[in-house]
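Since the structure comes first, as structure tokens, the remarks are kept for the end.
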Amino acid sequence: MKFLVVTNAPTLKEGHSYQAYTPYVREMDIWSANVSEFRIISPTQYNQKLLKSSFKKQPTVTSIPSLNFSTVVSASLSVLYLPIIVVRLFMAMFWADHIHLRCPGNIGLIGCFVQVFFPKKLKTAKYAGNWDPKAKQPLSYKLQKWILSHTVLTKNMTVLVYGDWPNQTKNIKSFFTATYRDEDRAQVDPKVYTGDLNFIFVGSLVAGKRPLLAIQIVEALIEKGEKATLSLYGDGVLKPELQAYITKNKLESVIVLHGNQSSETVKFALKTSHFTILASKSEGWPKALAEAMFFGVIPIATSISCVPNMLDNGNRGLLIQPNLKPAVMTIESALSTTSRLEQMATLASDWSQCYTLDLFEEEIQKLIKS
């Protein structure tokens with residue numbers, strides 16, 4: 001099978017191998033293991049720091065320019081690039097047996113238009129953003145969702161989305177992602193919620209993840225007499241600002257920025273944590289929550305995207321407002337009933353341990369062979 005991936009994610013040549021953003025590579029390794037020929041059409045330049053890995057099955061890469069409409073100059077260049085991108089997309093899709101779109105994104109949007117001209121081709125799309133029909137999103141995102149959902153314009157398509165949403169077309173399939181395997185499943189020992197409480201944050205230190213709010217929540221709980229610590233795993237542009245806040249408020253003994261760490265280090269930290277905080281502004285499928293829940297860590301998260309589904313509307317975790325005082329009040333209220341917390345941890349683990357890499361691989365094989 002000739003498998004084509006259309007994506008915004010840059011594919012970078014390092015020596016004799018192609019590399020890309022590590023979580024994306026891990027997923028594409030699963031897709032590409034089921035095909036004979038693997039091609040990616042994407043930008044091939046990126047001037048920022050990126051956590052990257054090599055593809056196990058090396059793809060053939062068709063390079064296209066990046067699109068950027070943030071300034072007048074970049075927008076003008078992007079308009080000039082459009083014919084080149086469209087022609088290369090047509091040629092690549094004509095070659096392919098299976099077209100796989102990665103959305104949302106500028107390249108994904110163009111791919112949505114071009115795939116209309118290939119109604120008999122087998123197609124899938126991974127929509128990694130927020131599929132919530134009521135979410136406030138850019139027009140380009142809404143347009144991609146509309147085209148992908150449209151069963152007349154878009155034929156032979158399975159669109160993988162996060163969460164269960166009402167009134168969806170036959171194109172749409174609720175999906176998931178996974179980190180751990182069946183062999184990683186283990187009985188979660190009950191945790192004690194009346195002593196020292198270990199909080200964890202796993203994610204990029206960027207404004208969209210609100211790491212400062214996580215720090216302030218734990219700080220407020222300590223001020224109210226709780227014995228709590230917070231470990232933050234991840235890196236990003238906010239790291240100097242967050243470290244300055246920790247130092248200024250003399251929190252070094254209870255709040256620590258660990259930076260990027262290995263998956264095994266994070267896994268060990270999760271096993272010893274009581275709560276994970278992720279008060280994001282937007283998410284697709286927040287793997288940080290699912291990974292924590294796998295080990296019975298109670299998620300504390302904002303009610304966005306598919307998060308309410310993941311947390312069963314508060315039965316498998318705490319849904320908070322993105323404001324300090326009400327968030328702290330929600331957590332304080334939960335801490336007063338340890339039996340509820342124990343039940344939450346069990347339900348969280350039971351749910352997350354259903355979604356393993358083994359199941360993910362089986363589902364991908366079905367999509368490839370359908």
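Among the residues of the range 210-236, the ones that are open to solvent by 50 Å² or more (accessible area, probe 1.4 Å), of a type outside the set (A, V, I, L, M, F, W, C) and out of contact with any helix residue (DSSP H, G or I) (no Cβ under 8 Å at 6 or more places or on another chain) come to 5 in all. Annotation note: Cβ proximity below 8 Å between a residue of the range 28-40 that is under 11 Å from Met1 (Cβ atoms) and small (Gly, Ala, Ser) and a residue that is open to solvent by 30 Å² or more (accessible area, probe 1.4 Å) and in a strand (DSSP E or B) (sequence gap 6+ or interchain) occurs for Ser36/Lys2. If you check Met344, Met293 for being surrounded by 17 or more Cβ atoms within 10 Å (Cβ to Cβ), hydrophobic (A, V, I, L, M, F, W, C) and either free of Cβ contacts under 8 Å to residues at least 40 places away in the same chain or touching a Phe, Trp or Tyr at 6+ places or on another chain (Cβ under 8 Å) (or both), only one passes: Met293. Against the conditions (1) acidic (Asp, Glu); (2) farther than 16 Å from Val202 by Cβ; (3) within 18 Å of the chain's Cα centre (by Cα), Glu283 satisfies every one except (2).
Pick out the one residue from Lys136, Lys170, Lys120 that is farther than 24 Å from Ile368 by Cα, surrounded by fewer than 16 Cβ atoms within 10 Å (Cβ to Cβ) and charged (D, E, K, R).
Going through Lys136, Lys170, Lys120 in turn, the sole match is Lys136.
From the list Ser349, Ser273, the one residue that fits, being of a type outside the set (A, V, I, L, M), touching a Gly at 6+ places or on another chain (Cβ under 7 Å) and modelled with pLDDT of 95 or more, is Ser349.
Among the residues of the range 217-240, which ones are acidic (Asp, Glu) and within 24 Å of the chain's Cα centre (by Cα)? Residue satisfying the conditions is Asp235 alone.
Here is a yes/no grid of residues against (1) in a helix (DSSP H, G or I); (2) modelled with pLDDT of 95 or more; (3) more than 23 Å from Phe295 (Cα to Cα):
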position	(1), (2), (3)
Ile200	no, yes, no
Ile215	yes, yes, no
Val218	yes, yes, no
Gly236	no, no, yes
Leu242	yes, yes, yes
Thr247	yes, yes, yes
Leu251	no, yes, yes
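Counting only residues that are surrounded by 15 or more Cβ atoms within 10 Å (Cβ to Cβ) and small (Gly, Ala, Ser), how many does the range 64-88 have? Total satisfying the criteria: 2.
Lys136 meets all of the listed conditions (1) within 21 Å of the chain's Cα centre (by Cα); (2) part of a loop (DSSP other than H, G, I, E, B); (3) in contact (Cβ under 8 Å) with a residue 24 or more places away in the chain but one, namely (3). Restricted to the range 1-52, and to residues there that are polar (S, T, N, Q) and in contact with a strand residue (DSSP E or B) (Cβ under 6 Å, 6 or more places away or on another chain), the residue that is surrounded by the most Cβ atoms within 10 Å (Cβ to Cβ) is Thr11.
The values are calculated or read from the model by the stated rules, or taken from the named source; none is laboratory data. The shown structure was predicted, so the numbers you read here are calculated from the model rather than taken from an experiment. We place every Cβ from the backbone using ideal geometry, glycine too, and count neighbours over all the protein chains shown. Surface accessibility is based on the protein's heavy atoms, side chains included, excluding ligands, DNA and RNA. Shrake-Rupley method; radii C 1.70, N 1.55, O 1.52, S 1.80 Å.
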